[in-house]
Amino acid sequence: MYKKASLSLIFVILLLISYSIFIGTVDFRSYFFPLLQSPTVTPSLCAPSSPLRVYMYDLPRRFNVGMLNRRSPVKTPVTALAWPPWPKNSGLKRQHSVEFWMMGSLLYEGDGVEEREAVRVSDPEMADAFFVPFFSSLSFNTHGHNMTDPATEIDRQLQIDLLKLLRQSKYWQRSGGRDHVIPMTHPNAFRFLRAQVNASIQIVVDFGRYPRIMSNLSKDVVAPYVHVVDSFKIDDSPDPFESRTTLLFFRGRTYRKDEGIVRVKLAKILSGYDDVHYERSVATDENIKLSSKGMRSSKFCLNPAGDTPSSCRLFDAIVSHCVPVIISDQIELPFENEIDYSQFSIFFSFKEALEPGYMVNQLRKFPKERWIEMWKRLKDISHHYEFQYPPKKEDAVNMLWRQVKHKLPGVKLAVHRSRRLKVPDWWRRR
C-alpha cells in the first residue's frame, strides 16, 4: 500500500515538473548547465523613452541670436532655416554658449527625432516643459565690459522686457515659472532680476555664487562648459602613457576670485618640477591652441577652481583625453547621476593640493595600467560633452534635456502643493 502511494506521489511530482518546464516557469539549465543560460542583459544607462515635449517661446532676435550680429536688420524670431553658426574666434564667450546649443536643438527639424531627448511642440497645452530662449550669458558678455559699464543698461532692459512677457503668459502664471527652463551658465547672467525667476529650472555650471534658496540641485541642472579647445579626434597612440611626456599640465589665469585664489598658491608649490608645466596665460586664439597641444601631450591636466568652483578647463581636458586632476571642495559636476567621474578623474582637496610635494608624488606613483583605463574611459565618454548643430545622440545638449526631464516630477509636486497650501513655507518654520 505504501509502495503504491509513493509511486503515485512521484508520478504527480514528475507530472508537475514536466508541466512547469513546458510553460517555462522552471529552467533546469540554471541549476545544472549555468553556462548554457542566456547572458544577462545589462540595461542601458540611458533607457529609451519618449522625448520631452518642449514649447519654446518665440522671442524677438534681440533676446538671442540678434546678439551674435547686432548690425543685422532682421527682427523676427529665428527659424531652423535661418539658424546661424556659432561665430568663429569668439574666444571664451564660447564656454558659456549652452543657451545657443539648447535653442538650436529645438529648432532642428532634420532626421534623428527618435534619438533626441527633447522635441519642440507648437501647442503649449501639449508641452511637458517650456524653454525661454534668452541668451542671458551672451547678454552679459556683449553689453558692457564690466559691471559698471553704461552698456549694461541694455542687459538690464532685456531682463525687464523678458519678465514682462513671461508674466503675461498663462503658462508662466499656471506654474509660477517652475516648469520653465532658463539657461544661466555665466555667473553674472540675469544678474539684475535673477531673484524673480528663482522658481524656474535653471541651467547652471555650478552654484558658487548663489544661495541655496536661489539655485540648488533639487530643481536646477548642472551643465558642462562648452569646451574651447578642439576635440582630440585621432588619439590612437600604441602607448599613450609614454607618449604623453608631461606629468601635469596647467595653462591659464592664476589670479582668480573666491576659491580661485588657490591658483596663485599652486604656482609656488608646483614650481621647480621638470615634468610639471604650470604657466600663467590669457585666452587668446593662439594661446588656446597652445593649451590644446599641451593637454594632448600630458598625462594629467590640473583643474583648480576658477572664479567659481568649476571652470571650462575640466571639459577641455576631457575632450583632450587628459586625465583631469580636480581641485575644488565645492564643485558640482554635470550628468553625475549617469557618469561616475572617479572612473576617469582624480580629486584632491585644497588641503591636499597645497601640501608641498604631496600631489606630484601621488601622480608620479599612479599606476600606468590604471591611467590607461582612465584614458580609455575618457575616449568613451567624451562625446557626452560635445555641443553641436545638428545635435547628435547622447551629445551634451541631449544629456541636458534628459536631466531636465528628471526634474519634472519634483516640479509637478511643487505646483500641485502650491495650489492647495495656505501657508506655503510652513515646513521651514518648524
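The values are calculated or read from the model by the stated rules, or taken from the named source; none is laboratory data. Note that the structure is a prediction, hence the values are computed from the model and not measured. Please note: Cβ atoms are built from the backbone with ideal geometry, for glycine as well, and neighbour counts cover all protein chains shown. Accessible surface is based on the protein model in full, side chains and every heavy atom, while ligands, DNA and RNA are left aside. Shrake-Rupley method; radii C 1.70, N 1.55, O 1.52, S 1.80 Å.
Structure above, values below:
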read-out: Lys293 among the basic types (Lys, Arg) and under 17 Å from Ser243 (Cα atoms); value: yes
read-out: Check on Phe100, assigned to a loop (DSSP other than H, G, I, E, B), closer than 24 Å to Leu165 by Cα, among the hydrophobic types (A, V, I, L, M, F, W, C) and open to solvent by less than 10 Å² (accessible area, probe 1.4 Å); value: no
read-out: Residue count, region 243-302 (criterion: open to solvent by less than 10 Å² (accessible area, probe 1.4 Å), of a type in the set (Phe, Trp, Tyr) and farther than 22 Å from Gln343 by Cα); value: 0
read-out: Yes/no for Gln159 being over 26 Å from Phe335 (Cα atoms), touching a residue at least 24 places away in the same chain (Cβ under 8 Å) and buried (at least 17 other Cβ atoms within 10 Å of the Cβ); value: yes
read-out: Filter result (aromatic (Phe, Trp, Tyr) and at pLDDT below 90) within region 212-268; value: Tyr255
read-out: Unmet requirement for Thr148, which otherwise passes all of (1) open to solvent by 30 Å² or more (accessible area, probe 1.4 Å); (2) of a type in the set (Ser, Thr, Tyr); (3) closer than 27 Å to Leu314 by Cα; value: (3)
read-out: Cβ pairs under 8 Å, 6+ apart, first in region 134-149 and in a helix (DSSP H, G or I), second among the aromatic types (Phe, Trp, Tyr); value: Ser136/Phe190; Leu138/Phe100
read-out: Of residues in region 192-207 being open to solvent by 20 Å² or more (accessible area, probe 1.4 Å) and not in a loop (DSSP other than H, G, I, E, B), the one farthest from Leu290 (Cα to Cα); value: Gln196
read-out: Whichever residue in region 208-236 is within 25 Å of Arg370 (Cα to Cα) and touching a Lys or Arg at 6+ places or on another chain (Cβ under 8 Å) and, among such residues, is surrounded by the fewest Cβ atoms within 10 Å (Cβ to Cβ); value: Asp235
read-out: In region 291-311, the residues that are part of a loop (DSSP other than H, G, I, E, B) and touching a strand residue (DSSP E or B) at 6+ places or on another chain (Cβ under 9 Å); value: Ser297, Ala305, Gly306, Ser310, Ser311
